[in-house]
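Have a look at the structure below before the remarks.
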Amino acid sequence: MMTIVEKYNARVDAVDSLLCVGLDADISRLDDIYLQEANPQFAFNKAIIEQTHEYVAAYKPNVAFYEAQGTQGQEALQLTMQYLRDVHPSIVTICDAKRADIGNTSEAYARAIFDDLAFDAVTLHPYLGKDALAPFLRRDDKVCIILCRTSNEGAAEFQDLEVNGGIPLWQKVATRVATDWNVRGNCMLVAGATYPDEIGIIRSVVGDMTLLVPGIGVQGGNVQQTVTQGMNSQRKGLIINSSRGIIFSENPARAAQELRDGINEYR
């Protein structure tokens with residue numbers, strides 16, 4: 001049976017793309033045409049998927065935008081996932097939830113994300129340690145994407161703290177995940193495009209492990225630096241995400257194609 005990493009690599013080859021589109025369906029930004037639908041967020045997501053899928057290797061809904069809408073938002077997320085499974089099953093799905101908690105709580109999170117919603121992968125934070133993520137890490141059939149070097153401006157506040165003789169905490173996370181947590185080959189790391197030098201260091205630490213890279217587009221990450229620093233030995237190993245820059249553009253299909261092609265210029 002194909003692993004999620006293999007599924008992603010197969011999709012990359014099929015559409016010649018490292019692009020991930022973030023389905024961050026902020027209801028305050030949806031046009032009236034969607035607000036008139038029975039479920040506005042699902043209607044919007046379906047339209048975006050229909051326009052962009054041929055250029056996309058992964059979709060990444062951020063659960064915050066759905067949880068904020070209560071029952072209707074949860075329904076939108078479920079409908080979106082069902083639509084992707086039925087119509088575009090080869091595209092990898094990432095739940096941007098940044099979960100981690102004590103064991104029994106993480107068990108519940110893992111069931112909700114992997115079994116109920118049937119996502120291929122989930123973002124997780126490492127601060128609680130390996131035991132807190134065990135319910136996710138033991139799932140050979142899924143992928144755990146661990147926060148390492150995030151794209152936000154305040155990332156340095158804790159991630160740059162030096163440990164073990166001057167090693168920044170983000171680098172320690174990369175090393176620990178690569179050498180200890182990834183025993184099943186089901187881990188990836190988050191490495192923000194706004195810190196391209198760090199992406200290069202992470203690549204040197206983790207080998208060919210795939211990196212989820214937010215920060216392209218509105219946040220100002222540089223495509224050339226991201227690709228040249230972050231590619232693995234197979235000229236893959238990156239899931240380069242853009243959310244607002246694509247889904248709220250005048251022409252999402254063109255925006256997705258241009259970013260896909262822009263990434264490929266440096267592959």
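The values are calculated or read from the model by the stated rules, or taken from the named source; none is laboratory data. A quick note: this is a predicted structure, and the numbers were derived from the prediction, not measured. Quick reminder, even Gly has a Cβ in these numbers, built from the backbone with ideal geometry, and neighbours come from all protein chains shown. Heads up: the accessible areas ignore ligands, DNA and RNA and are worked out on the full protein's heavy atoms, side chains in. Shrake-Rupley method; radii C 1.70, N 1.55, O 1.52, S 1.80 Å.
What pairs come out if I take residues in the stretch 175-198 that are part of a loop (DSSP other than H, G, I, E, B) and pair them with residues that are of a type in the set (F, W, Y) whose C-beta lies under 9 Å away, six or more apart or interchain?
N186/F136; Y195/W170
Let's see how each residue does on (1) at pLDDT below 95; (2) of a type in the set (S, T, N, Q); (3) over 15 Å from the mean Cα position of the chain (by Cα):
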{"residue": "T93", "(1), (2), (3)": "no, yes, no"}
{"residue": "R111", "(1), (2), (3)": "no, no, yes"}
{"residue": "F119", "(1), (2), (3)": "no, no, no"}
{"residue": "P126", "(1), (2), (3)": "no, no, yes"}
{"residue": "R138", "(1), (2), (3)": "no, no, yes"}
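Could you tell me how many of the residues in the stretch 132-147 are in contact (Cβ under 8 Å) with a residue 60 or more places away in the chain and either assigned to a helix (DSSP H, G or I) or in contact with a Gly (Cβ under 9 Å, 6 or more places away or on another chain) (or both)?
1
So which of L84, L35 ends up being in contact with a strand residue (DSSP E or B) (Cβ under 9 Å, 6 or more places away or on another chain) and within 25 Å of S249 (Cα to Cα)?
Being in contact with a strand residue (DSSP E or B) (Cβ under 9 Å, 6 or more places away or on another chain) and within 25 Å of S249 (Cα to Cα) holds for just one of L84, L35, which is L84.
Only one of these conditions is not met by Q225: (1) open to solvent by 10 Å² or more (accessible area, probe 1.4 Å); (2) on the phi > 0 side of the Ramachandran plot. Which number is it?
(2)
If I filter the stretch 149-166 down to residues being open to solvent by less than 60 Å² (accessible area, probe 1.4 Å) and without any contact (Cβ under 8 Å) to a residue 60 or more places away in the chain, which single residue comes out as farthest from F114 (Cα to Cα)?
Once the filter is applied, the top-ranked residue is G166.
Which condition number in (1) at pLDDT 95 or above; (2) open to solvent by less than 50 Å² (accessible area, probe 1.4 Å); (3) of a type outside the set (V, I, T) is the one that G217 fails?
Every condition holds for G217 apart from (1).
Return the residues of the stretch 1-29 that are in contact with a helix residue (DSSP H, G or I) (Cβ under 9 Å, 6 or more places away or on another chain) and open to solvent by 10 Å² or more (accessible area, probe 1.4 Å); say none if nothing qualifies.
Answer for the stretch 1-29, where residues must be in contact with a helix residue (DSSP H, G or I) (Cβ under 9 Å, 6 or more places away or on another chain) and open to solvent by 10 Å² or more (accessible area, probe 1.4 Å): M2, V15, D16, D24, D26, I27, R29.
Counting just the residues of the stretch 31-66 that are over 20 Å from the mean Cα position of the chain (by Cα) and either of a type in the set (S, T, N, Q) or modelled with pLDDT under 95 (or both), which one comes out surrounded by the fewest Cβ atoms within 10 Å (Cβ to Cβ)?
Result: Q36.
Please list, ordered by first then second residue, the pairs with beta carbon atoms under 6 Å, 6 or more apart or interchain, first in the stretch 228-246 and outside any loop (DSSP other than H, G, I, E, B) and at pLDDT 95 or above, second open to solvent by 20 Å² or more (accessible area, probe 1.4 Å) and aromatic (F, W, Y).
As it stands, the answer is T228/Y266, since those pairs meet every condition given.
Please determine whether any residue of the stretch 91-99 is on the phi > 0 side of the Ramachandran plot and open to solvent by less than 70 Å² (accessible area, probe 1.4 Å).
Scanning the stretch 91-99 turns up no residue that is on the phi > 0 side of the Ramachandran plot and open to solvent by less than 70 Å² (accessible area, probe 1.4 Å).
Restricting attention to the stretch 115-131, which residues are of a type in the set (F, W, Y) and either open to solvent by 50 Å² or more (accessible area, probe 1.4 Å) or part of a helix (DSSP H, G or I) (or both)?
Of everything in the stretch 115-131, just one residue is of a type in the set (F, W, Y) and either open to solvent by 50 Å² or more (accessible area, probe 1.4 Å) or part of a helix (DSSP H, G or I) (or both), namely Y127.
Assuming V205 fulfils every condition listed in (1) open to solvent by less than 20 Å² (accessible area, probe 1.4 Å); (2) part of a helix (DSSP H, G or I); (3) of a type in the set (A, V, I, L, M, F, W, C) apart from one, which condition is it?
(1)
Check R176 against each of (1) modelled with pLDDT under 95; (2) among the charged types (D, E, K, R); (3) surrounded by 15 or more Cβ atoms within 10 Å (Cβ to Cβ) and name the one condition it does not meet.
Every listed condition holds for R176 apart from (1).
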